[in-house]
Amino acid sequence: MGTTRYILEGPENAPLVLFVGGLTTEAVEYFDKAASAFREAGYRTLRYDLFGRGGSDRSDAFDYDQATYARQIDELLAALKIDGPIYLIGPSLGGGISAYWAAAHPGRVRALSLHASAGYAPASEPIVSLLKVPVLGRYLFWLQQDRLTLGRVGAHFATPQESAVDLVQDGIRRSALFKGYREALFRTITNFGATNLEPTFTRLAATAVPVQILWGKEDQILSVDGAQKINAWLGGRAEVALLPNVGHMAMLEAGDRSIPLVLKFFASTRKDPAR
């Protein structure tokens, strides 16, 4: 489909953790500290930029729907000759992508950790519907694009996080330097279906993939109500952890609390992939 920028680090024989990025972020930089913590715990890590972001390709041929991002993972793993079972971490949009991929490939997934995952945002459905209106939708997005990206970064955190805000904003600015970034955002918002991913999570529920849900209680981007809703779609079998005084980006704002929870969850799961 296209070129993907990635960083693969750690011993080749160590269990692999794949980090899947969110809507606006450069995932390679976003997950830098988290990936380091997982390598210190004995994992191999793979982080990559979604199509349309960072150093990965943008293309008018991409629909930027669930299938687009799932195929990107397929092609990245194939190019790196990684065919064994892996661990997945997906915050926000990355949660929806990870869930879709895991439901399609349960035998290749050791465990999945979802962080404030996309999938339940009923309050945003009217906005998305407006954006889908020909001509008007693109005009409205053009008017609001900076507010939806740079202008909202501070709202992702429950407490002041100057360095984290700078990290995310710098990544957005770099991505926006290249033609196709804003089109990727627009198509993702209108084509991915992130406001209601019940079918995706229902398919995932039919597998035996172990799932963890982490959510900041003060999330202003995606309501913490999503944790219970998504778990209900999963048949109530996910391990759910709600973090007080944490917003939407738990691994940046509270890595000292969120990362140990993920490590403990991964360690508790069976070594063999789910069937």
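The table for this structure:
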| quantity | calculated |
| --- | --- |
| Kirkwood Rh and Cα Rg combined as Rg/Rh, segment 47-152 | 1.01 |
| Square roots of five times the Cα gyration tensor eigenvalues for segment 7-77, Å | 24, 13, 9 |
| Scaled radius of gyration (Cα, divided by 2.2 N^0.38 Å) that segment 1-48 gives | 1.14 |
| Alpha-carbon centroid distance for the pair segment 16-88 / segment 202-274, whole angstrom | 19 |
| Gyration tensor (Cα) of the chain, equivalent ellipsoid semi-axes in angstrom | 26, 20, 19 |
| Straight-distance crosslink candidates among aspartates and glutamates, where the alpha carbon sits under 19 Å from LYS33 and sequence neighbours closer than 8 are dropped | GLU9, ASP49, GLU162, ASP166, ASP170, GLU253, ASP256 |
| Computed over segment 114-249, Kirkwood Rh from alpha-carbon pairs, angstrom | 16.3 |
| Partner aspartates and glutamates for LYS217 [C-alpha distance under 12 Å; skip if fewer than 8 residues away on the same chain] | ASP225 |
| Under-5 Å amide H pairs with GLN212, H placed in peptide plane, nonlocal only | LEU112, SER113, LEU114, GLU239 |
| Residue-averaged 222 nm ellipticity for the chain, from DSSP H runs of 4+ at -39500 (n - 2.57), nearest 500 | -13000 deg cm²/dmol |
| Mean separation of Cα contacts under 8 Å, 6 or more apart, over the residue count of segment 6-268: relative contact order % | 22 |
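Each value in this text was obtained by applying a stated rule to the coordinates, not by laboratory testing. Quantities reported herein were computed from a predicted structural model and do not represent experimental measurements.
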